[in-house]
Amino acid sequence: MRPAPAEAAARQPLIDALKVGAAQLIVLHHLAFYGPMSEHAAVLAPALLAWLGDPARQAVQVFLVVGGALAARGLAPGGRLAAGGPSLPRRLLLRYLRLGWPLAVTLMLALVCAALARRLADLDHVPDAAELGEILVHLLLLQDLLGVEALSAGVWYVAIDVQLYALLLAALGLGAKLDAAWAARAPAAAWRPATAPLLMAAGTLASLLVFNRDSDWDVAAPYFLGAYGLGVLAAWWGPGLRGSWRRQLGLGLLAGGVALALWLDFRSRLALAAAVALLLVLAPVLRLGLDRGRQRAGAGLAECGRLGARLRRWLAAQSGASYALFLVHYPVLMLVGAAFARWVPAQSAGLHALGLLAAWGLSLALAPRFHRQVEQPGLRWIGRHLAATRAA
């Protein structure tokens, strides 16, 4: 069952806002974590840079939850894979190409920027010259599984995203087979729950209670499935929650599992992921309350409505370019950081703070252009090519 249009509309601005905010925090985290500019500027705002250097990285949990919700809504609204469409392996290939094409371009950009940065300064966060095998391993998204040093920050997340998507597809494929077997045996009028959500719930709880508590698993999808699965289940069980006791029961049991996981081993990252998933579930109710408030206020809020529409358009544009920002900011950071290390004295804290702002601003300026001129044209070409191959 597809979410009602009102529910979908209620969720999208929230998802855009979450993606935009999380993307900015990840960029700022990397600016603060990778020196030398942040090290020299720390005397100006030590608490802020310390927070950006460590706790702010938990913003990745927002991407995991939102990514799970978007994947679930796109692949199988209601928890059942829609009939027709590409095969599951083809869907996985499309996901890999969608993420891998812009990643490949930015890896080449990172290699060039790293080479220039090495000529300017000797910095710990600038990778050494890469061999062909290392580049191929990155393009196949196997660098962490094989213990290869990353050529750019954030590549690990792209690999994890593809792995999580593969697990979701596996749950949907197995769920479809089990649903068909159950339908063949059960009476026509019998209640038949979708099996894929139950499989995802089991995997999510296994991650929260076992895999996410063991850092040895942090190079593979099971470690991150807890947050991703919360997003998936929020998308499947959240719509129509007030009218379905079964969905209420499912989310209630899931909430109990989250509480148990936090009681056994409190993790702030898990608490954040659970809060984001809860926000997605409650979004339609919150939106309904806002709509009623605007109706009671009358026409006096017309101007606020226009401002809100402009804000939603801006959020949608920034959200669309969030992956581009995630990719391009590290090459910019390497180059700007090396230039400041070469030509700006270490004691000039103010200038290094300006360098951080410059790297941030350049990344923000480059991301939309990369999205429009590199990412989108490449994806359109891939889509046409795969469609032609399928037709043949």
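Taken over region 83-127, the criterion of being closer than 22 Å to Y157 by Cβ and of a type in the set (D, E) is satisfied by D124 alone. Of the helices (runs of 4 or more DSSP H) lying entirely inside region 7-123, those carrying at least 1 residues that are in contact with a Pro (Cβ under 7 Å, 6 or more places away or on another chain), farther than 30 Å from A180 by Cα and not small (G, A, S) are 88-120.
Selection of region 348-379 for residues being closer than 17 Å to A32 by Cα and polar (S, T, N, Q) yields S348, S363. Looking at G79, G74, which one is closer than 29 Å to G21 by Cβ, in contact (Cβ under 8 Å) with a residue 12 or more places away in the chain and either of a type outside the set (S, T, Y) or surrounded by fewer than 22 Cβ atoms within 10 Å (Cβ to Cβ) (or both)? Only one candidate passes the filter, namely G79. Restricting attention to region 13-40, the residues that are farther than 13 Å from F326 by Cα and out of contact with any Ser or Thr (no Cβ under 9 Å at 6 or more places or on another chain) total 9.
Table: residues versus (1) closer than 16 Å to A220 by Cα; (2) at pLDDT 95 or above.
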residue	(1), (2)
V155	yes, no
L164	yes, yes
L167	yes, yes
G173	no, no
A176	no, no
A188	no, no
R192	no, no
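Selection within region 1-60: residues that are at pLDDT below 90 and basic (K, R). The member of this set that is nearest to A82 (Cα to Cα) is R2. Would region 178-188 turn up any residue that is buried (at least 21 other Cβ atoms within 10 Å of the Cβ) and assigned to a helix (DSSP H, G or I)? Among the residues of region 178-188, not one is buried (at least 21 other Cβ atoms within 10 Å of the Cβ) and assigned to a helix (DSSP H, G or I), which makes the answer no. Whether a residue is in contact with a helix residue (DSSP H, G or I) (Cβ under 8 Å, 6 or more places away or on another chain), buried (at least 19 other Cβ atoms within 10 Å of the Cβ) and at pLDDT 90 or above was assessed, and R118 does not pass this test.
The values are calculated or read from the model by the stated rules, or taken from the named source; none is laboratory data. Note that the structure is predicted; figures quoted are calculated from it, not measured. Positions of Cβ are backbone-derived with ideal geometry, glycine not excepted, and every protein chain shown enters the neighbour counts.
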